[in-house]
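Below is one structure, written out as structure tokens, with a few remarks after it.
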Amino acid sequence: MANFEPVLSRNFSVPEGHTLKVYESRGGYQAARKALASDPDAVITTVKDSELRGRGGAGFPTGLKWTFLPKDRKETLMCINADESEPATFNNRLLMEKDPHQLIEGILISCFATRAATAYLYIRFEYIDAAAILERAIAEARAAGHLGKNIYGSGFDLEIYVHRGAGAYICGEETGLIESLEGKRGWPRIKPPFPAIEGAFRKPTVVNNVETLCCVPHIIERGAGWFKSIGTPKSYGPKLYCVSGAVNKQVCVELPLGVTTRALIEEHAGGVWKGRKAKAAVPGGISMGLLSADELDVPLDFESLRLPGCLGLGTAAVTVIDDQTSIVDYLYNCCRFFAHESCGQCTPCREGTSWFYKTIKRMKAGGGRLQDLDVMLHMANNLGIIPGTTICGLADGAAWPVKNAITKYRAEFEDYIKTHQNSAALPTALQERIAEGVRGDVDTIVLPVLPAAGVRHSPGKAADAL
Amino acid sequence: MASPTSPKAPAAVLTEGIRQRILDLLPRYPRKQAAVLPALHLVLEHLRCVPYAAMAEIAELLEITPAEVHDAMSFYGFFPQAPMGECRVWICRSLSCALRGGDELLEHACQKLRIEPGQTTPDGKITLEFAECLGICDFAPAALVDDGRIFGPLDEAGVDAMLDTVKQGRKPTQAQVS
């Protein structure tokens, strides 16, 4: 690890590194020339041999994904997933802002390998500068003959279009992205058929993450063996790790896969801020769950994170929580996020994420009951694609923080509930009865007492009163 | 005054320029409907809102029903029907920012501007909104303006300074995305 050479971020600190001139002067587009002079299947074989796994969250082998395309297809589309919305993740933003041509070269090689002549770069709206930089870089690359018709005389054509999202987390799910690209609401599709068979506009479609595609030129240039020499067994290659939250220096740093959270905090993020200790850390975006303080030495790779009960590596974006922060506040924030971002298609997720949020909100306000913890755990265990109750993985991501936080910090939750009791925030008698499973009887339901007529006002007036 | 029985055709909301820019997008996609989101962004950029009449006109251009445009539009919660302020400011409230005081800074900004999240200041300068992760966690706690400016790491004084800067107007756009 001592002699690890960063490749994905090698142009980040180079002045004008985002321009074509500088990128080419540093060996840019040589891998694309090499790939386009060979055979598409040879490129797929090289990527497959490198065992590159998707960097967007699920960690699916990229080369294998490409081979799912039907052999007799007439047209292929490529979607680049730049809808990076997982909380605490910003590595794709840096890749697009600081080295857009690396991404374009990756897209070019990947499109050549999969024979896709059109690529849609779906970028979240909030990446305003990145979208502008990419538009400029695409125009530059096109003018220089790296895009367009008959690239490098190989007979291969490619156009890349930037398509901007509109602030929906769910559009980072590949079929949600496709629906959104088609101009519909971003509701994920039921799979199968997978996008490789029937994707955008019902055509075979490849959806890859930005960082995944940025790895491709380096694999072509240096070979699959080089890629596999980096990282841990089963998790190969370099990875951009983001560290944020309660640390002295919030950074994005390129390291071989398999670094530990403790090393990230101590060696790269300047330690926990204000001289405090780490109480817990989120390993890879909040969907992946929670590592407790004594699990910080688990390697952050695709395999190891299952052991401490996390969902996976996710986006490798670490958020550090210090020992002065209540775990209730952490879970409140996670539940609020998922309640806001559930797309509303599947009932268990739409209702479940709202229930999580309502429950933790009540708990935080002093209305928690000890049995709430078991209700939340029970719900979390029945929510998502793993128990098979939803279409996409958003609900699993919503369930995991709940599961991990309550099992790993149960004593703190119980203590919080016992010491924070506020009668005004407790459930009403009617709510208690419903929770106990007593059927509401119209005659016995006591309606809440409405305020006197003089105090009532229309909703429109409420703002004035503030 | 025209009588109610012979209404005049309402004036078009979309200018010829916007219509042309929407039409220019169509060759990019196998289906016209795919231009809904880019078209909504174009309208939002020019009108600072997407009125219902604009949705109907987009639908006509893309040969879909107004309901289909509205269906996509309303899903995102991103396109207001009433005009936004000159600058749209998002303050992040997701985990990395919240751990460093994002929620409190949003509240501070609301008190300072005397508005609620989602509202616009009476002088029409700023629309303030909360946001779920903006992907600028290296600046946490952070805020983003819809002209691309990033502010962070913020504290209360930083929020005050940011709001004063943003009140001066939009950043001269060096690269408007088409």
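The values are calculated or read from the model by the stated rules, or taken from the named source; none is laboratory data. Quick caveat, the model's predicted, so the values are computed rather than measured. Every residue, glycine as well, gets a Cβ built from its backbone with ideal geometry; the counts of neighbours run over all protein chains shown. Accessible surface is based on the protein model in full, side chains and every heavy atom, while ligands, DNA and RNA are left aside. Shrake-Rupley method; radii C 1.70, N 1.55, O 1.52, S 1.80 Å.
State to the nearest 20 debye the size of the charge dipole of chain A about its Cα centre, where the only charges are +1 on K and R beta carbons and -1 on D and E beta carbons.
380 debye
In region B:16-75, with Lys and Arg counted as +1 and Asp and Glu as -1 at Cβ, which of these residues, B:27, B:59, B:43, has the Cα nearest the positive end of the dipole, that is, farthest along it?
It is B:27.
Grab the beta carbon distance between residue B:49 and residue A:294, set R0 = 60 Å, and tell me the FRET efficiency rounded to 0.05. Could you put the intermediate results ahead of the total?
Values: r = 52 Å, r/R0 = 0.87.
With a Förster radius of 60 Å, E is 0.70.
Can you give the calculated 222 nm mean residue ellipticity of chain A, where each DSSP H run of n ≥ 4 adds -39,500 (n - 2.57) and the sum is split over every residue, rounded to the nearest 500 deg cm²/dmol?
Computed mean residue ellipticity for chain A: -11500 deg cm²/dmol.
Between residue A:75 and residue A:39, what's the calculated FRET efficiency when r is the beta-carbon distance and R0 is 22 Å? Round to 0.05.
On the way: r = 19 Å, r/R0 = 0.89.
Step by step, r from the Cβ atoms, then E = 0.65.
Give me the number: length gained by fully extending residue A:222 to residue A:142, i.e. 0.36 nm times residue separation minus the C-alpha to C-alpha distance, one decimal in nm. Each step should come with its number before you reach the end.
Values: separation 80, 0.36 × 80 = 28.80 nm, distance 2.54 nm.
Extending this stretch completely gives an extra 26.3 nm.
Filter the cross-link list A:149/A:239; A:21/B:167; A:74/A:149; A:98/B:125 down to pairs whose alpha-carbon distance in this structure exceeds 27 Å.
Checking Cα-Cα distances, A:149/A:239; A:21/B:167; A:98/B:125 exceed 27 Å.
Given charges of +1 on the Cβ of Lys and Arg and -1 on the Cβ of Asp and Glu, with all other atoms neutral, how large is the dipole of region A:5-49 about its Cα centre, in debye to the nearest 20?
About 140 debye.
On the first, second and third principal axes, largest extent first, how far apart are the outermost C-alpha atoms of region A:1-118 in Å?
Principal-axis extents of the Cα atoms in region A:1-118, largest first: 45, 36, 32 Å.
Between residue A:407 and residue A:432, what length comes free when the chain is fully extended (0.36 nm per residue of separation minus the Cα-Cα distance, one decimal in nm)?
6.5 nm
Quick one: if the Förster radius is 30 Å, what FRET efficiency do residue B:111 and residue A:58 give, using the C-beta to C-beta distance and rounding to 0.05?
0.10
For the protein assembly as shown, divide the Cα radius of gyration by the Kirkwood radius and give the resulting Rg/Rh value with two decimals.
Result for the protein assembly as shown is an Rg/Rh of 0.98.
So, in Å, what gap is there between the alpha-carbon centers of region A:204-258 and region A:271-306?
19 Å
At 25 °C and a viscosity of 0.890 mPa s, what translational diffusion coefficient does Stokes-Einstein give for region A:20-228, taking Rh as the Kirkwood radius over Cα pairs? Give it in µm²/s as a whole number.
The estimated diffusion coefficient comes to 146 µm²/s.
Contact order normalised by length for chain B, with contacts defined as Cα pairs under 8 Å and 6 or more residues apart; what percent is it?
After rounding, I find 17 percent.
If you average 1/r across every pair of different Cα atoms in region B:87-167 and take the reciprocal, what Kirkwood value do you get, in Å?
Radius from the Kirkwood sum: 12.0 Å.
Bin width 10 Å, alpha-carbon pairs only: give the P(r) of region B:22-178 as whole percents, running from 0 to the bin holding the largest distance.
Bin by bin from 0 Å, the calculated values are 11, 35, 30, 19, 5, 0.
Measuring with a 1.4 Å probe in the full set of protein chains, what accessible area per residue, in whole Å², belongs to region B:87-167?
35 Å²
Whenever you get a sec, line up A:337, A:4, A:194 from highest to lowest accessible area (probe 1.4 Å, protein heavy atoms).
Ranking A:337, A:4, A:194 by accessible area, largest first, yields A:194, A:4, A:337.
Can you return the lysines within cross-link range of residue A:277? Criterion is Cα-Cα under 20 Å, with same-chain partners fewer than 8 residues away left out.
A:249, A:408
Take the alpha-carbon centre of region A:2-68, take the same for region A:366-393, and report the distance between them in whole Å.
If we compute the Cα centre of each part, the gap is 40 Å.
Averaged per residue, what accessible surface does chain A expose to a 1.4 Å probe, in Å²?
Averaged over the residues of chain A, the accessible area is 40 Å².
How big is the B/A interface in buried accessible area, both sides summed, 1.4 Å probe, to the nearest 100 Å²? It would help to have the intermediate numbers written out before the result.
Working: alone 10380 and 20950 Å², together 26980 Å².
For chain B against chain A, roughly 4400 Å² becomes buried.
Could you check what % of the DSSP bridge pairs in the protein assembly as shown are antiparallel, to the nearest 5?
45 percent
At a cut-off of 30 Å², which residues of region A:154-186 become less accessible once all protein chains are present than in their chain alone, using a 1.4 Å probe?
Going by heavy-atom accessible area, the residues of region A:154-186 that drop by at least 30 Å² are A:161, A:163, A:164, A:166, A:182, A:183, A:184, A:185.
Could you work out how much longer the chain between residue A:326 and residue A:157 gets when fully extended? Use 0.36 nm per residue separation minus the Cα distance between them, nm to one decimal.
Full extension from residue A:326 to residue A:157 adds 55.4 nm.
Give, rounded to the nearest 20 debye, the magnitude of the charge dipole that chain B has about its Cα centre when Lys and Arg contribute +1 at Cβ and Asp and Glu contribute -1 at Cβ.
On the way: 17 positive and 23 negative charges, 100 e Å.
The calculated dipole for chain B is roughly 480 debye.
What percent of all Cα-Cα pairs in region A:343-382 falls in each 5 Å bin, counting up from 0?
Cα pair-distance distribution for region A:343-382, in percent: 6, 24, 30, 22, 12, 6, 1.
Under a crude label model (7 Å from the Cα following the beta-carbon direction), how far is residue B:155 from residue A:262 in nanometres?
3.2 nm
Compute the distance in nm between two label points, each set 7 Å from the Cα along the Cα-to-Cβ direction, one at residue A:350 and one at residue A:25.
Modelled inter-label distance: 5.6 nm.
Can you give the accessible area of residue A:98, probe radius 1.4 Å, in Å² rounded to 10?
Accessible area, nearest 10 Å²: 80 Å².
Determine the share of the protein assembly as shown's accessible area contributed by carbon and sulfur atoms, expressed in whole percent, with a 1.4 angstrom probe. Don't skip to the answer; put the middle values down first.
Values: 14670 of 26980 Å².
Summing carbon and sulfur atoms, their accessible area is 54 percent of the total for the protein assembly as shown.
Got a sec? What order do A:21, A:184 fall in by accessible area at 1.4 Å, biggest, i.e. largest, first?
A:21, A:184
Based on the Cα coordinates of region B:16-75, what is the per residue volume of their convex hull in Å³?
Residue-normalised Cα hull volume stands at 73 Å³.
Go through A:158-168, B:11-21 and give me the packing order, highest mean Cβ count within 10 Å leading.
Top to bottom by mean Cβ count within 10 Å: A:158-168, B:11-21.
According to a simple spin-label model (label point 7 Å from Cα along Cα-to-Cβ), what is the distance in nm between residue A:425 and residue B:171?
3.9 nm
Of A:157, B:164, which has the most accessible area with a 1.4 Å probe, and how do the rest follow in descending order?
Final ranking, largest accessible area leading: B:164, A:157.
Quantify how much of the Cα-Cα distance distribution of region A:237-324 extends past 18 Å, in percent.
Tail of the P(r) past 18 Å holds 31 percent of the pairs.
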